[in-house]
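Working notes, beginning with the structure itself.
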Amino acid sequence: MSTDLNTDLLNNDLLNTDLPDDDLVNPVEPFLRTDRMPHIWCPGCGIGTTVNCFARALIESKIDLQSLALVSGIGCTGRVAGYVALDSFHTTHGRAIPFATGLKLANPKLNVVVYSGDGDLSAIGGNHLIHAARRNIDLKVICVNNLIYAMTGGQTAPTTPDHATTSTNPYGTFEPSFNLPHLVEAAGAVYVARWTTFHVRQLARAIGEAFQKKGFSFIEVISPCPTLYQRRNKLGDSLDTMKYYKAKSKVKNGAPTSEVGLTISGEIIVGKFVDRERPDYQSMMRAQYVDSLGDRFVEPMEAEVCS
Amino acid sequence: MKADPRGVLTGEHFIDGDHACCEGALAAGARFAAGYPITPSTEVVERFAARVPTVGGTFIQMEDELAASITLQGGVWAGAKAFTVTSGPGFSLMMEHIGYAAMTETPCVFVDVQRGGPSTGLPTLPAQADMMQARWGSHGDYAVIALCPNSPQECFDLTIKAFNLSEEFRVPVMFMMDEVVGHMTEKVVIPPADQIEIVPRKHTKESVEEFQPYKTNGDLVPEIAHAGEGYRFHVTGLTHDERGYPNMTPQTQDKLVRRLQNKITSAADRIAMFEEAHLKDADVVVVSYGITSRVAQRAIDTAREQGLRVGKLRLITAWPFPEKKIRQLAGRVKAFVVPELNLGQMALEVERAAAGRAKTFSLTHAGGGVHRPEDILKVIVEASR
Ligand SMILES: Cc1ncc(C[n+]2csc(CCOP(=O)(O)OP(=O)(O)O)c2C)c(N)n1
Ligand code: SF4
Ligand SMILES: [Mg+2]
């Protein structure tokens, strides 16, 4: 274990905030359903780290928690919805984005976060991902990319990089993988960033930035699944993965997303790749109705909520 | 509660069943729909897309039915009354989310304007072959409510009823139209808003501290809260306890799944709607629903003119199946004649409920047209012997 890395990790650790000495409550605790602990995630799993960053971003951005809803699909990452003390929806495999779209359209005042895995969002849910980006629905999508279908035992995902071994490609994968930032940028996302679970401060900051954007925001978090991906590919444990993330990550804000594809042990380009303005779906919808209907247009919220 | 007048197009109209269904949804208070075009159902959402921005609501055309069938549920949890509309192939794609709505107790309406199947089948022609799918199509044990209109007027009236039932029982309601009813144009009378009874959402009155999203109180239907109201609750399709938290024990599973089923079956008599005639003296009862009931009417009238003692039982509620009614009749009639545009789906239910005490004649039709009244008459004659 490199002491170097330990110091780095400590420096990055969210617990390392300015806590009053007499109060050792974890600052993210109010954001969690502590009555559901312990969680199901394996030791060394990166998902918990991303949740920590998410909570940190909520603290820092002072976002109104009452207006915040979180939607997950199915998978290890999909379990996030069950652990956050928010209005939270654990939906079906691949369909977090369309569920979130319904929430947002029926109550535009909600801040809607989609928190799910790479397989959920880009395989079974891939169609919804690109269409939500195209429409520029005002959603904040956090995609925990562990390069594998973890929940079901380590099968090949559309993100599994070149020749990695999985339970369904026991002799190594050979299909090309998705470069998710490139995909969502091409589809129309207004904010696209990638960080790893080593970059906890940057990740928390990116989530905070996404909250400031109106439109489809996508944050990819490269995250270890020591149990199924790292071990099967002889990439060591979680700490080894942190070393890898530290050694091979290169911050390139504004990098062309066509150049940020991942390989099994190569460089990981991280940073904020896209930050642009495009009218979001609801603004476009409203403008179109006002233009076409004039006085006959009635604002959706006036009649919609039936409670 | 009375209907919001903004959604109610009071007056006499000459419209088809699809359009009438849309007006029923608007009158019921639906202000959100997500859909994907498919013949012969598309006119419902086309009309909704034109009407809803003028009454304060939203329509979105999604990328497929997988999306539409869950987008509408997001709308419900944000506080809207919501529905989707489809036909066979799309209905098949929606099955997982019908299960999700049943499991999460999301009040909503799925309209299926039935066409010939399987697969792409007969896109523009009628069938009634999704009746079992409506009941059993999603995996696992659950219960739904399904209604079958037989005229544009009923497409209006029963769509309101479908929304009301979905709210009362927190259950997905299947609105089982067919291509002929969807495309037939007739007079539809839309009453004034203050004559339309609306069942409001069963919203919780509990405090944020006390609220548990799946705790029942006296009856079998829990109270609901919406996102953004401060309850910070959890909803999952996993087996869950009263707090809404996942719980993987057989005990929790048993309690939940039985309640989901019982809340509907225990109210079956109250939910059951049917139209009946001449049942008192009947030897034979024609059991039909949807467009087939209109063809059957001719056969029944002719049979009675010929002196045959034929009764009519038209199912308006298909699910929960009104088996008590069939059971009662089975004790005193000789036979049931069940014409339907499928190879014998609801006939199985009639047969099951009759339990051998009356004969069941299943009069099948693979779809693409309707029965000829004389074919139904022939079976009535045979059954009367
Ligand atoms: C319709 C459907 N198909 C398949 C599954 C099984 N399944 C559950 S999670 C999962 C993959 C999840 O992978 P990912 O989204 O990457 O999440 P992770 O577990 O890696 O966090 C699959 C295939 C399912 N639940 N539903
Ligand atoms: S299987 Fe992998 S992704 Fe799932 S909890 Fe374990 S380490 Fe995390
Ligand atoms: Mg994964």
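No value in this document is a laboratory result; all are computed from the given coordinates. Computed from a predicted model, the values in this text were never measured in an experiment. Every residue, glycine as well, gets a Cβ built from its backbone with ideal geometry; the counts of neighbours run over all protein chains shown.
Data for the structure
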read-out: Neighbourhood charge, 10 Å Cβ-Cβ cut-off, centred on B:GLU63 and excluding it, Lys, Arg +1 and Asp, Glu -1; value: 0
read-out: Cys with no candidate disulfide partner in chain B (beta-carbon separation under 4.7 Å rule); value: B:CYS22, B:CYS108, B:CYS148
read-out: Orientation-averaged projected area, Cα convex hull of segment B:266-385 (nm²); value: 6.6 nm²
read-out: Gained length - B:ARG258 relative to B:ALA355, 0.36 nm times residue gap less alpha-carbon distance; value: 32.5 nm
read-out: Within 10 Å of each Cβ in A:180-188, the average number of Cβ atoms from other chains; value: 0
read-out: Rg to Rh, two decimals, where chain B supplies the alpha carbon set and Rh follows Kirkwood; value: 0.98
read-out: At 0.692 mPa s and 37 °C, Stokes diffusion of segment B:11-195 via Kirkwood alpha-carbon radius, µm² per second; value: 209 µm²/s
read-out: Fluctuation leader among B:PHE361, B:PHE83, B:PHE175 - chain B, Gaussian network, Cα springs under 10 angstrom; value: B:PHE361
read-out: Nearest 10 degrees, 0 to 90: helix A:200-212 Cα axis against chain A principal axis; value: 10 degrees
read-out: Gain upon complete extension [A:ASP240, A:ALA186; 0.36 nm per residue less C-alpha separation]; value: 16.1 nm
read-out: The protein assembly as shown, Rg to Rh (Cα coordinates; Rh as Kirkwood inverse mean 1/r); value: 1.03
read-out: Cα Rg over Rh - segment A:42-119, Kirkwood; value: 0.97
read-out: For segment B:205-318, convex hull of alpha carbons as volume per residue, Å³; value: 164 Å³
read-out: Isotropic mean projected area of the C-alpha convex hull, segment B:158-253 (nm²); value: 9.6 nm²
read-out: Peptide B:25-31 - average C-beta neighbours from other chains (10 Å radius); value: 2
read-out: Computed log₁₀ I(q)/I(0) - Debye formula, equal Cα scatterers, no solvent, segment B:91-173, q 0.14 Å⁻¹; value: -0.49
read-out: Chain A - mean residue ellipticity at 222 nm from DSSP helices (-39,500 (n - 2.57) per run, n ≥ 4, rounded to 500); value: -9500 deg cm²/dmol
read-out: Coordinate range along principal axes, alpha carbons of segment A:5-281, Å, largest first; value: 49, 49, 34
read-out: Pairwise centroid distance, computed over Cα atoms, of segment A:150-214 with segment A:109-126, Å; value: 12 Å
read-out: Estimated dipole of chain B in Debye, rounded to 20 [Cβ of Lys and Arg +1, of Asp and Glu -1, Cα centre]; value: 1080 debye
read-out: Test item: A:245-258 mean partner chain Cβ contacts at 10 Å; value: 0
read-out: Rough spin-label spacing in nm, given labels placed 7 Å along Cα→Cβ, for A:SER167 and B:LYS378; value: 5.7 nm
read-out: Principal-axis tilt of helix A:238-248 within chain A, Cα atoms, nearest 10 degrees; value: 80 degrees
read-out: Segment A:183-307 - convex hull of the alpha-carbon atoms, volume per residue in Å³; value: 158 Å³
read-out: Difference of contour (0.36 nm per residue) and Cα-Cα distance, A:ARG232 to A:ARG201; value: 8.2 nm
read-out: Choice from A:LYS62, A:LYS214, A:LYS243 showing the highest fluctuation, given a GNM over chain A with Cα pairs closer than 10 Å; value: A:LYS62
